[in-house]
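We did not get these values from a lab; they are worked out from the coordinates using the rules stated. If you're wondering where the values come from, they're calculated on a predicted model, not measured in any experiment. Because the Cβ atoms are built from the backbone with ideal geometry, glycine has one as well, and the counts that use them run over all protein chains shown.
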Amino acid sequence: MKIVDIRVEVIFLVFALVFGSVFAVINPPFAASDEMWHFFKAYDVSQGHLVRGSPVVSIPKSFGNIYHFTPWEASTVENYRNKDYSIFNNPLNNNDTIVIDNLNTFNYMPLPYLGVAFVIKIGQLLNYSPLCLMYFGRFINLLIYIIIVYFGIKIVPIGKHTFLFWV
């Protein structure tokens, strides 16, 4: 079997799984732009709040630890090496909450958050920590992305290679 015989969508699938998984793991928690706010939005959706009239949301205090932990200074390797990540292992407690103003994402449609909201809900039942929920959320988003693009490449009639290198 020659490499040219391999279907374009399979090439995408392999590269996306390998490099997407590596990126999801090596990127420090909540280092991506607005990742924390989107995580809070996904949590809010997991609690059944699909539409909100106000940006004020209640989140567990263990999420609050993350909220106050996330560095706003320039992201350098040294900043992340010197942080105490043990707070990420605190169990999620829905009964002990704080109120935050999630103005960044409160108006967004809930559909893109449903995958992560589902993972958060399952993680709550299994008593996972916020850090685990964050990584599971990253992986469910990666899988949803891979599925959508895989089938997009598969059904597009022309330009499959262009599509492959564009995504």
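A few points about this structure:
- Ranking of 92, 13, 133 by count of other Cβ atoms within 10 Å, fewest first: 13, 92, 133
- Packing-based order for 119-125, 6-12, using average beta carbon neighbours within 10 Å, highest first: 119-125, 6-12
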